[in-house]
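Quick note: the coordinates plus some simple rules give every number you see, no bench work behind them. Predicted model only: the values in this text are computed from it and were never measured.
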Amino acid sequence: MTDQDKINNKGEELRGKVKEGAGRATDDPELERQGRRDQSKADVKQAGEKIKDSIKNLGGKKDR
């Protein structure tokens, strides 16, 4: 995972938290749902990047 990907994914997660909080504060269930959805998408992206990193690291190791 590149540093830029980490920053982008974290930003998406934080925007989702803000949306969710704003929806809760304004009693807007749709905005709250959008915030949770944004957070979920960011979590999936982060998990995918971690898997790619793990595979990349496995390929770089030598057998002993």
message: How large is the Rg to Rh ratio of the chain when both quantities use alpha carbon positions and Rh follows Kirkwood?
response: 1.25
field: In degrees, nearest ten, helix 29-60 long axis to first principal axis of the chain (Cα)
entry: 0 degrees
task: Any chance you could give the angle, 0 to 90 degrees and rounded to 10, that helix 3-25 forms with the longest Cα principal axis of the chain?
output: 20 degrees
